[in-house]
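Everything below concerns the one structure shown next.
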Amino acid sequence: MTDRDPRAPHLARLAALIADETRAVCLLALLDGRAWTAGELARHAGVAASTVSEHLGKLVAGGLLVEERQGRHRYVRLADARAAQLVEDLAAQVAPQDVVRPQGLRQSSAGSAMARGRTCYDHLAGRLGIAVTDAFAERGLLRQDTGFALTDAGVAWFDSVGIPLERAGRRPLARGCLDWTERRPHLAGVAGAAVCRHALDAGWCVRIGSERAVKVTAAGERALSELLGIRAEAFA
C-alpha cells in the first residue's frame, strides 16, 4: 500500500485548470488587478464570447476567479493575492527565448512599456518595481538575505510618509515576487500593495494602454527621488 500524498489529485486538477491557452490568456490579463467582463476577455483572447464564458466558469469553479454581477453585466477577477501569485510565478518560469518577439511597432512599444513599469496584480513590477525594491534594500528598509522582510526602519518609513499598511488577514507584510522581465524578485505582499496603491492614488503613476503598463508622472519622479533616492533613468 503506497503512502500517497492526499494533495496530489488536487494539484493535478489545478494544473489541468491552468493548462489551456485561452484560460492562461485570461488569467494573465486579470493580473492587472481589475475586474473584466466576459466580453472584454473574449476580445482580448480573440475567441467567441460563448467560448470564454465556458472557460471562466471553470476558473470560477476551480477557485482561481470570483465573479461579481452588476445589473446585466458579469465581471470576473482573480480570487485573491494567492491566485495572482500563482499565475505570476508560473509566468516567470517561461524562458525568455520561448516568448514570441513582438510583431510591429505597436506590439513592440506595448512590450517596452510593460518592461519599464507595470502592475503585477496589486504591486509594482518591471524596472520600476525593481528600482523601488533596490531602493528599499539600499536604505535598510528591506532585508533580502533570508527572504523578504521589512525592517523596523521600513515599517517606520511607511508611517513617516503616510502610507498605511493594511495588516488584516494572513498575507505577509513583505514577499518577493519573481519579475518575469527582470528575472529578479520585486517587492510584493502588504508593503508592495501599499506602495502601488499610494503611487496610483497620489498620481505618482498612471495606467497607460489596455495592458498592465504604468507610467511614472513628473510628480512621481519627484516623490520617488525625494523619498527613496530613485532617479528617473532607473526605470527608463
* Asked: Has segment 20-30 got at least one residue that is open to solvent by less than 80 Å² (accessible area, probe 1.4 Å), of a type in the set (D, E, K, R) and at pLDDT 90 or above?
  -> yes
* To do: Kindly check whether there is at least one residue in segment 205-212 that is farther than 11 Å from G126 by Cα, touching a strand residue (DSSP E or B) at 6+ places or on another chain (Cβ under 6 Å) and part of a helix (DSSP H, G or I).
  => no
* Structure fact -> Of G147, G129, G162, G192, the only residue that is among the small types (G, A, S) and over 22 Å from T217 (Cα atoms) is G147
* **Residues located in segment 168-203, provided they are of a type outside the set (G, A, S) and in a helix (DSSP H, G or I)** => V190, V195, C196, R197, H198, L200, D201
* Could you say whether any residue in segment 172-191 is in contact with an Asp or Glu (Cβ under 7 Å, 6 or more places away or on another chain), free of Cβ contacts under 8 Å to residues at least 60 places away in the same chain, surrounded by fewer than 20 Cβ atoms within 10 Å (Cβ to Cβ) and closer than 25 Å to A115 by Cα? -> yes
* **Conditions (1) more than 16 Å from A149 (Cβ to Cβ); (2) touching a residue at least 12 places away in the same chain (Cβ under 8 Å); number of the one not met by D201** => (2)
* Structure fact -> Within segment 133-142, restricting to residues that are open to solvent by 10 Å² or more (accessible area, probe 1.4 Å) and part of a helix (DSSP H, G or I), the one that is farthest from G189 (Cα to Cα) is E138
* To do: Go through the residues of segment 160-167 one by one and say whether even a single one is in contact with a Phe, Trp or Tyr (Cβ under 6 Å, 6 or more places away or on another chain), in a helix (DSSP H, G or I), open to solvent by less than 40 Å² (accessible area, probe 1.4 Å) and not charged (D, E, K, R).
  => no
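The values are calculated or read from the model by the stated rules, or taken from the named source; none is laboratory data. In this text the structure is predicted, and so the values were computed from the model without any measurement. Every residue, glycine among them, receives a Cβ derived from its backbone with ideal geometry; neighbour counts consider all protein chains shown. Side chains are part of the model used for accessible areas, which takes the heavy atoms of the whole protein and leaves out ligands, DNA and RNA. Shrake-Rupley method; radii C 1.70, N 1.55, O 1.52, S 1.80 Å.
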